[in-house]
Amino acid sequence: MSMGVIIAVIVVIAAVVGAVAYYAFVAQGGAEIVVVDGSSTVFPVTFAWAEAFNVPGQRQVVVRFSGTGGGFEKFCRGETDLSDASRPIRQSETDLCTSNGITGIEEFLVAYDGLSVVVNHNNIWAENLTVAQLCRIWTSNTSAGACGGAGAHVTRWNELDPNWPAQDINLYGPGTDSGTFDYFVEVILDPFDEAITADFLPSEDDNFLVQGIAGDQYALGYFGYAYAIANPASLKILAIDDEDPANGDGPILPSEETVKDRTYAPLSRPLYVYGNGRSLGRQVVEDFLRFGFSSQGQVLVGQTGYVTLNANEVQAQLAKL
Amino acid sequence: MKLRSLRLRKAIEVTFVAVFLISIVVALGTLAMLLGSVVSTALPYLRTEVVVNYASAVNPLQAGYAAAIVGTLWVVGLTLLFSIPLGVAAGVYLEEYAPRSRLTRFLEAGVANLAGVPSVVFGLLGLALFVRILRDITGGPTVLAGALTMTILVFPYVVITTQEAVRAVPASLREGALALGATKWQAIRGQVLPAGAPGLLTAVILAASRAMGETAPLIVIGATFFQSYLPSDPRSFFVALPVQIYGYVGLPRQDFLDLNRNGILDPGEPLLASGGWPGVAAAGIVILLVILFAFNIVAMVARNRMQRRRL
Amino acid sequence: MSGDTEGLQARTRLKGALASLEPRYVWEVGEKAVRAVLFLAAAFAIVMAIAIGLSLLGPTVSFFGKVSPLEFFGGTIWSPDIPVGGSVQFGVLPLMVGTLLVAGASSAIGLPLGFGAAIYLREYAPGRVREIVKPVLEILAGIPTVVLGFFALLVVSPFLQSWFGASFFSGANAIVVIGIMIVPIVSSLSEDALTAVPTDLRDGALALGATRFEATTRVVVPAGLSGIGASFLLAFSRAVGETMVVLIAAGQHIRLHFNIFDQMTTMSGFIAKRATGDVPSGTPVYDALFAVGFTLFVMTLLLNLTSNRLRSHFREEYE
C-alpha cells in the first residue's frame, strides 16, 4: 500500500467518525451557557452544582479554574458569568471591573472550609496550638516582642515547649499564589502585624503537601479540611485555641459542627462566588444559584468535603438574588 | 591515529554497545515504572463509564472523560492541520530557497528560539491574541483559539525537523531532477519531499505528542475543566484531557471520607479503590496514552514503509 | 539631444534589469507563486518570534521602571512575595542558576541517553526490536507534563531522599524526570539523521576493515552531525522551557545556591506559577513574570545564534 492510500484511508475514517459525532450531538447546540471560572479551591462546589444542574440541549454550566486572581481578571472583562473565589474581591479588582463597565457585583457565600493545621501522625507530642504559637512558627520576626509579645520566631519544637523534641520544625504550606496562603496570613499573622517567613516548602497542590508531611516526622503544615481528613493513617490534625473564651473554650478541632458554628476559629475559611449585574440578570444564572442554595445543592456541597452554610446564611444569600 | 589491535578495537565496540543498550534500558525502564504505577492506579476505573460519561464532582466511580476526549481530538486535529503545512512550507523555504546569509541564520535562530520559550508564555500570547483580540473570529476561549495557540507552540519543532529532513536528502536527487529540466519546485515536490517524508512524519509525531500533552497553556487560555456537552464545531468551548487530569489530580483522595457524610456509598460497600480521584486521573492518563500510541503506530508504520524503500 | 539619449539609455538599462524578473517561460509564474507562498510561511515564523518578544517587552519595561535592573540582574535573593530582610527582593540570579543547572544537568542525562539509544537502534538492533522500541520511546514524548511532575514527586523524590539525602522538593527531582523526558526528542531525530546517511559511506568504512563501532563513530555520526546537533538543540530548548515538572517537583528556593538536592526554581517554573496563580495583574509582582520571560528569551536567543553559527560549519554534503 502506498503512502497516499494510507493517508486517504485515515482521512476517510476520521471524516466518518467526525460526521457521526457531530450529527449525534449537534442537538446539544443551542443550550444556554453559563461560564464559571476562578479559584481551584472553590471549583469543586460549582462543579458539583453544575453536574446536577446541566440539562443537555437546554442549559450548560461550564466550569474552569484559572485561579482566584485570574478568574477575577476574566470576570472583570465580562468573559465569565460567575467567579469562584477563596478570598474576598480586592479593591483593585473592583476598580478593574468598573473601568470595564462591569457593575452590580454581588458576593455570595457558598461554603466554609475548615483550614486544618496538620502534623505527621508519628508526632506524639503536639496536640494543640494557640494562635500566638502558630504566629511564632510562621513569622519571620526574630525579636522577642513578636506576635503580640508571645515571643520570637521559633525554628525548633522545643522552643515552644521544653518537653518537645529538639528538632527543626519543617514547614509545608500552599504557595504564595494561592488564596489559602493569603487567608492564612490574613488571620494568623496580620492580626499581630507580622510578616510571614520565607522558610517553608511550598506547593500549589495540597495532595503533595499531604505527601510531604506524611513522610516527615517533624513536619507541620496547613491545608483544606478535606485533604486533612482523607489521610488519618498518616496525618494528625491539631486543635487550635484562638484564646477567645467567647468563641468556644480552649483548643478546638475542626469538624463539620465546629466549622458551622464558627467555634473553630479563626481558620474557618469562607468561600465565595461572585456575580455581576449583567450575569445575574440572566434567568439561567439565577436558577443555577438558587439550585446551589437549595437542599439538594447543599447536600452536594457536603459531598465535596466542604462545610455547608447554616440555614440563616442560606436565607441571606437567597435574599441577594 | 595509532594502530590498535583488532582485539582492543572489538573490546571498545562491545563496551560501547553495552553502554548504548543500557541507555535504552534506562529510558524504557523509567517509562515502564511510570506506566506501571499509572496503570495499576487506574485499573479499577477502566470501565466503559470512564469513556462515555462526563466528569463528576461527587462520585469517582461515575466520572468519565467523554467531553475531554472529543475536545482533545478536535484541538490536536486542528493543530496538526494548521501547523504541518505551515511548518513544512517554512522549513522548505529556509532550507531550499533562502540565501545563505546572516539574515537567514538570524531568522533560523529566531525560529529555534521559539522552541525554548516556556509553554505557558504561548498560553499568555494565545489569551491576549486569539481569545481577546481575535474574539470575533475564534469566539473566545474555544477549540479554534486552543488549536491556534498550540500551532505556534509546536511550530518550531516542525520547521526544524523539516529542515533537517530536507537537508539530509542527497544532492544527487535534486540535481538530477534539475538536470533533466525540472524547475526548482518540481524538483522539490517530486524528489526531495518524498525522499524526506520519513523525517516529516517524525515531525508530525513529535508535534502531535506535544499538542496532546501540554496542560498549562490550555488552562491559561481558558480550557474548561467541566462541561457536559461535546464540542460540535471549532467555535465551541472545550475540555482537554491534560486539563481534566490536572483537575482530578488536585482533588483530595477519598479513601477515608466519612461514609455517612458522603452519602453515596452504602456502609457495606468497600472503600473506593485507588483513593477515588487519583484513580480517575490515572484512568485519564491511560486514555491519553492509548490515543497517542494508536496515532504513533499508524505514523510509524507509514514511516517504516517509506524508509524501507530507500537504500 | 544628449538629454534624450541619456534618458533612452537609462530606460533601456531599466528594461534590461526588469527583464530578468519577468517570467520567460510559462512555468516560471508558478515558481514565483510557490516561492512567495513558502516565504510567507517562513515569515509567519519570524512574525511569531517577534510577536512573543514584543509582548514580553512592554510589561518588562514597566517592570524596570519600578525595580532597578541592577537589583534584578545582580541580586542574589529572589523573593517577590515574601519580604526578606525588610523588603521584597527581585534578584534574578537564583532563577538563572536554577535554569542553567536544571536544563544543563537534565541535558547531560538526556542527550547521551537519547544519542546512545539512537545509535543502538540504528546500527545494532535487529529490525523487530527497532520497530517496537522506537514508538514506545516516542510515547515518552507524549506523556502530559503534569503526569511527569506527579511522577517526579511520588516516585523519584523518595528514592532521592533515601539515597542522596535530598529534600522532598528538590532540583534533582526535576533533573531526572526532564532528562528522561527529552530522550525521545534526541533519539527520534538523531535516528532519522543516521538513517539518512547513505549506506555506501558505512559500507565503505566496513569494507576498509573498520569495526561496526568505528564505522559508526568515525563515518556515519559525523555525516549525520547536522541532524544530531539539531536534535540536541531542540532537546535542550525543551529542557529550558519546561514548566510543569519544575513547578510541581522542584520547589521554590529563593537564595542563590548550587545544591541540586535542595529546592530550586527555574525561570520557566516561576513564569508558569505566576501565570496560573492568584496575583492580580498590573503589579510589579506580576510584571516580574514578563521581565523573567524576556530575560529568558534573550538568553536562549544568544544561545541559538551561537549554535546556528556552529551548525553552518557542519553542514555535510553527501556526494
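The values are calculated or read from the model by the stated rules, or taken from the named source; none is laboratory data. The shown structure was predicted, so the numbers you read here are calculated from the model rather than taken from an experiment. FYI the Cβ positions are ideal-geometry reconstructions off the backbone, even for glycines, and counts take in every protein chain you see.
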**Request:** State whether one or more residues within the range B:25-46 are more than 9 Å from chain C (Cβ to nearest Cβ) and under 30 Å from C:Glu214 (Cβ atoms).
**Result:** yes
key: Hey, C:Phe290 within 30 Å of B:Phe16 (Cα to Cα), in a helix (DSSP H, G or I) and among the aromatic types (Phe, Trp, Tyr) or not   = no
**Message:** It is to be established whether one or more residues within the range B:255-268 are modelled with pLDDT of 50 or more and buried (at least 22 other Cβ atoms within 10 Å of the Cβ).
**Reply:** no
I'd like to know if the range C:50-58 contains one or more residues that are over 25 Å from C:Arg238 (Cβ atoms) and either within 14 Å of chain B (Cβ to nearest Cβ) or at pLDDT below 85 (or both). yes
Query raised in the report: Among the residues of the range A:207-217, is there at least one that is in contact with a helix residue (DSSP H, G or I) (Cβ under 8 Å, 6 or more places away or on another chain) and over 18 Å from B:Val249 (Cα atoms)?
Result: yes
task = Taking A:Thr176 as the residue in question, decide whether it is in contact (Cβ under 8 Å) with a residue 12 or more places away in the chain, among the β-branched types (Val, Ile, Thr) and within 14 Å of chain C (Cβ to nearest Cβ).
result = yes
Take A:Ala152 and tell me if it is touching a residue at least 40 places away in the same chain (Cβ under 8 Å) and either among the aliphatic types (A, V, I, L, M) or crowded, with 21+ Cβ neighbours inside 10 Å (or both). no
Of C:Phe236, C:Phe150, the only residue that is of a type outside the set (Val, Ile, Thr) and at pLDDT 85 or above is C:Phe236
In the range A:55-96, anything aliphatic (A, V, I, L, M), more than 24 Å from A:Asp113 (Cα to Cα) and within 12 Å of chain C (Cβ to nearest Cβ) is listed as A:Leu96
Going residue by residue through the range A:92-101, is there one that turns out to be touching a residue at least 40 places away in the same chain (Cβ under 8 Å), of a type outside the set (D, E, K, R) and within 29 Å of A:Tyr227 (Cβ to Cβ)? no
A:Ala246 vs (1) assigned to a helix (DSSP H, G or I); (2) in contact with a strand residue (DSSP E or B) (Cβ under 9 Å, 6 or more places away or on another chain): all pass except (2)
Of those in the range C:187-211 that are charged (D, E, K, R) and surrounded by fewer than 24 Cβ atoms within 10 Å (Cβ to Cβ), the residue modelled with the highest pLDDT is C:Asp203
query = Does the range B:145-157 contain at least one residue that is hydroxyl-bearing (Ser, Thr, Tyr), in the same structural domain as B:Asn304 (by TED's automatic domain parsing) and farther than 30 Å from A:Val62 by Cα?
reply = yes
Of the candidates A:Ile169, A:Ile237, the one satisfying the condition of being in contact (Cβ under 8 Å) with a residue 24 or more places away in the chain, away from every other protein chain (no Cβ under 12 Å) and under 20 Å from the mean Cα position of the chain (by Cα) is A:Ile237
Selection over the range A:135-154 where residues are modelled with pLDDT under 90 and closer than 19 Å to A:Asp206 by Cβ yields a count of 0
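Picking from B:Leu61, B:Leu94, B:Leu86, which residue would you name as being more than 9 Å from every other protein chain (Cβ to nearest Cβ), part of a helix (DSSP H, G or I) and not aromatic (Phe, Trp, Tyr)?
None of the others qualify; the one that does is B:Leu61.
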Checked the range C:145-177 for anything free of Cβ contacts under 8 Å to residues at least 60 places away in the same chain and facing chain B (nearest Cβ under 7 Å); matches are C:Val147, C:Phe151, C:Val155
Note: among B:Gly126, B:Gly77, B:Gly71, just one is surrounded by fewer than 23 Cβ atoms within 10 Å (Cβ to Cβ), more than 8 Å from chain C (Cβ to nearest Cβ) and within 26 Å of B:Thr224 (Cα to Cα), namely B:Gly77
Across (1) buried (at least 19 other Cβ atoms within 10 Å of the Cβ); (2) in a helix (DSSP H, G or I), C:Trp78 clears everything bar (2)
Of the residues in the range C:225-252, those that are in contact with a helix residue (DSSP H, G or I) (Cβ under 7 Å, 6 or more places away or on another chain) and over 30 Å from B:Glu164 (Cβ atoms) come to C:Leu247, C:Ile248, C:Ala249, C:Ala250
A careful count of residues in the range B:166-194 that are touching a residue at least 40 places away in the same chain (Cβ under 8 Å) and at the interface with chain C (Cβ under 9 Å from one of its Cβ atoms) gives 3
The condition of being surrounded by 17 or more Cβ atoms within 10 Å (Cβ to Cβ) and charged (D, E, K, R) holds, among A:Asp249, A:Asp206, A:Asp244, A:Asp261, only for A:Asp206
